[in-house]
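The values are calculated or read from the model by the stated rules, or taken from the named source; none is laboratory data. Keep in mind it's a predicted model, so treat the numbers as computed, not measured. Neighbour counts are summed over all protein chains in view; Cβ atoms, including those assigned to glycine, are modelled from backbone coordinates with ideal geometry. Each accessible area value is taken on the protein alone, full model and side chains, heavy atoms only, with ligands, DNA and RNA left out. Shrake-Rupley method; radii C 1.70, N 1.55, O 1.52, S 1.80 Å.
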Amino acid sequence: MRFTKIYVEITNICNLNCSFCSKTKRKKEEMSLDNFKIVIDKIKNYTNTIYLHVLGEPLLHSKLNDILDICKRNKINVRITTNGTLLKEKINILLKYSNIIKQINISLHCENKISNYFEQVFEYANILSSKTPIVYRIWLLDEFNLDKLSTLIVDKIIKFYKLNTNFINEVVNSKNIKIKDNIYLDKDNKFTWPLNTKKSNIKTGTCLGTRTHIAILVNGNVVPCCLDSN
């Protein structure tokens with residue numbers, strides 16, 4: 001059996017404390033290079049793509065260069081989900097391994113206190129987009145209607161990329177929107193992490209955990225899905 005992707009949590013440490021993110025009582029740590037090598041060796045015959053994400057900010061890993069080098073040597077493609085606050089600091093590493101980094105998702109709805117956050121993210125995302133597809137995420141919507149913060153983010157995008165103000169109508173009516181070559185906007189409803197309680201059990205739909213993907217936590221535990229962070 002092969003998986004479309006496998007999530008690998010190289011760290012569960014984050015430099016932010018967003019209210020929408022799942023809180024965990026697990027020990028805060030980053031995966032050692034030795035353990036990451038073991039993980040890659042065990043999964044490389046089961047997938048071509050790993051996502052460096054479950055919880056935590058992957059760009060915080062102190063050995064990110066080595067992590068990506070291990071992936072390169074094992075011919076593993078990488079997708080990264082980040083809050084974008086460390087793009088400037090890690091830009092050279094991300095460009096160095098752009099041949100294996102197939103997508104960088106940037107959660108623009110993260111809660112941070114950086115005054116020029118959007119302008120900084122857009123600037124370095126533009127540089128990265130010359131080699132890697134960039135997807136800005138706005139997961140703050142209520143039934144796909146723009147709320148106040150989402151509108152602020154869209155306004156920032158329109159201003160930076162010098163887009164026509166009609167762009168906001170495209171955002172309202174579409175889910176995935178092209179901003180420019182290799183840069184896209186993905187919008188979705190406000191995300192709520194499921195709890196292990198009877199009240200949160202969903203009665204309809206289909207779970208693809210263990211069918212198309214699995215997740216490996218920073219301590220090596222294997223779980224069906226990235227939502228199983230605890």
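Data overview
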{"quantity": "The chain - mean residue ellipticity at 222 nm from DSSP helices (-39,500 (n - 2.57) per run, n ≥ 4, rounded to 500)", "calculated": "-8000 deg cm²/dmol"}
{"quantity": "Cβ-based charge dipole, the range 11-133, positive-most Cα from Asn99, Asn112, Asn45", "calculated": "Asn45"}
{"quantity": "Whole-angstrom gap from the range 200-230 to the range 1-47, using each part's C-alpha centre", "calculated": "13"}
{"quantity": "Kirkwood-based shape ratio for the chain, expressed as Rg/Rh from alpha carbons", "calculated": "0.96"}
{"quantity": "Environment charge of Asn99, counting only residues whose C-beta is closer than 10 Å and scoring Lys/Arg +1, Asp/Glu -1", "calculated": "+4"}
{"quantity": "Length-normalised contact order of the chain in % [C-alpha pairs under 8 Å, at least 6 apart]", "calculated": "24"}
{"quantity": "The chain - charge dipole about Cα centre, Lys and Arg +1 at Cβ, Asp and Glu -1, debye rounded to 20", "calculated": "520"}
{"quantity": "Apportionment of accessible area to carbon and sulfur, the chain, percent (1.4 Å)", "calculated": "50"}
{"quantity": "1.4 Å probe accessible area per residue over the chain, in Å²", "calculated": "55"}
{"quantity": "Given Lys75/Lys178; Lys23/Lys162; Lys102/Lys178; Lys42/Lys131; Lys63/Lys187; Lys102/Lys148, the pairs whose alpha carbons are separated by over 26 Å", "calculated": "Lys75/Lys178; Lys23/Lys162; Lys42/Lys131; Lys63/Lys187; Lys102/Lys148"}
{"quantity": "Local electrostatic count at Asn83 - Lys and Arg +1, Asp and Glu -1, tallied over other residues with Cβ under 14 Å", "calculated": "+1"}
{"quantity": "Lys/Arg +1, Asp/Glu -1 at C-beta; the chain dipole; positive extreme among Gly205, Ile134, Ile10", "calculated": "Gly205"}
{"quantity": "C-alpha long axis of helix 33-43 to longest principal axis of the chain, angle in °", "calculated": "90"}
{"quantity": "Nearest 10 degrees, 0 to 90: helix 148-160 Cα axis against the chain principal axis", "calculated": "80"}
{"quantity": "Summed residue charge, Cβ within 13 Å of Ala125's Cβ, Lys/Arg positive, Asp/Glu negative", "calculated": "+3"}
